[in-house]
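Student: Pasting a structure below so you can have a look.
The values are calculated or read from the model by the stated rules, or taken from the named source; none is laboratory data. All figures in this text were calculated on a predicted structure; none of them were measured in a lab. All Cβ positions, glycine included, derive from the backbone under ideal geometry; neighbour counts span all protein chains shown. With ligands, DNA and RNA removed, areas are computed over all heavy atoms of the protein, side chains included. Shrake-Rupley method; radii C 1.70, N 1.55, O 1.52, S 1.80 Å.
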Amino acid sequence: MTRRPSVNEAAGLLEGELGSRPLAELVTEDVWLAFLRFGRRLFHVPDAPDADGLLLQYGTHMFGGPATFMLDLTRQFEVSDSDGDHDHYVHVHCELRYGLTPALEALGCYSSWFFHDAGGDLEEWAQGLSERAAWTAIHRLKPTEIRVYQERV
């Protein structure tokens, strides 16, 4: 049986999926495909509903600076305490930021979840997202910034 990596390894594994090319050379689709490879990998998580999920969300945000269009690809892991009860979540983000244009601003805000244990198919979820009109607008864009980070929530 193949060892499932721990949640603590997740951010490094996502960075590894992004490859050796400089992040400044990647377009949105490159990052999306890396995120899907990362999303197919199964981790050691509690045997609980929604313990391992993927989130795609986008929108225009202003975080202490000018308005920016952001695409956030997130993996959420549940972490249990020593008794097996929910303790917290760990989010591993791959955040892409773009210069704001009227076309990007017009996309509005959107979010979509996929959970490995919910009976859905990851490939169908991904296909549905890539068929959205927003995907046509962003898939070949080069982000101004790509940031991978992990947080406890």
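Student: Checking T136 against (1) part of a helix (DSSP H, G or I); (2) in contact (Cβ under 8 Å) with a residue 60 or more places away in the chain, which test does it fail?
Tutor: Going through (1) part of a helix (DSSP H, G or I); (2) in contact (Cβ under 8 Å) with a residue 60 or more places away in the chain one by one, T136 breaks only (2).
Student: Could I ask something else about it? Of the conditions (1) at pLDDT 95 or above; (2) out of contact with any Lys or Arg (no Cβ under 7 Å at 6 or more places or on another chain), E17 satisfies every one except a single condition; which number is it?
Tutor: Unmet condition: (2).
Student: Does G108 satisfy the criteria of being open to solvent by less than 40 Å² (accessible area, probe 1.4 Å), among the small types (G, A, S) and not in a strand (DSSP E or B)? Working first, answer last.
Tutor: On the way: open to solvent by less than 40 Å² (accessible area, probe 1.4 Å): yes; among the small types (G, A, S): yes; not in a strand (DSSP E or B): yes.
Here the answer is yes, as G108 does meet what is asked.
Student: Same structure, new question: All but one of (1) modelled with pLDDT of 95 or more; (2) touching a helix residue (DSSP H, G or I) at 6+ places or on another chain (Cβ under 9 Å) hold for H88; which doesn't?
Tutor: Single failed check for H88: (2).
Student: Say whether the condition of being under 18 Å from the mean Cα position of the chain (by Cα) and surrounded by 13 or more Cβ atoms within 10 Å (Cβ to Cβ) is met by at least one residue in segment 81-88.
Tutor: no
Student: Looking only at segment 1-58, which residues are among the small types (G, A, S) and at positive phi?
Tutor: Within segment 1-58, just G19 meets the criteria.
For every residue, the table says whether it meets (1) within 22 Å of A118 (Cβ to Cβ); (2) in a helix (DSSP H, G or I).
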site	(1), (2)
G12	no, yes
H44	yes, no
P49	yes, no
L54	yes, no
F63	no, no
L73	yes, no
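Student: Filter segment 75-105 down to the residues that are closer than 26 Å to S130 by Cβ and part of a loop (DSSP other than H, G, I, E, B) and list them by number.
Tutor: G99, L100, T101
Student: Could you check how many residues of segment 9-58 are open to solvent by 60 Å² or more (accessible area, probe 1.4 Å), closer than 17 Å to E151 by Cβ and touching a residue at least 40 places away in the same chain (Cβ under 8 Å)? Can you show your working first?
Tutor: At the first step, the residues of segment 9-58 found to be open to solvent by 60 Å² or more (accessible area, probe 1.4 Å) are 9, 15, 20-25, 33, 37, 40-42, 44, 47, 49-50, 57.
Keeping just the survivors that are closer than 17 Å to E151 by Cβ gives 9, 15, 57.
Filter again for touching a residue at least 40 places away in the same chain (Cβ under 8 Å), leaving 15, 57.
Qualifying residue count for the region: 2.
Student: Give the residue, chosen from R152, R140, that is open to solvent by 60 Å² or more (accessible area, probe 1.4 Å) and in contact with a His (Cβ under 8 Å, 6 or more places away or on another chain).
Tutor: On the way: R140 fails: in contact with a His (Cβ under 8 Å, 6 or more places away or on another chain).
Going through R152, R140 in turn, just one is open to solvent by 60 Å² or more (accessible area, probe 1.4 Å) and in contact with a His (Cβ under 8 Å, 6 or more places away or on another chain): R152.
Student: Moving on to the next point. Within segment 117-129, can you find the residues that are in a helix (DSSP H, G or I) and modelled with pLDDT of 95 or more?
Tutor: L122, E123, E124, W125, A126, Q127, G128, L129, listed by residue number.
Student: A further question follows. Could you pull out the residue among R75, R97 that is at pLDDT 95 or above, within 15 Å of P143 (Cβ to Cβ) and basic (K, R)?
Tutor: The match here is R97.
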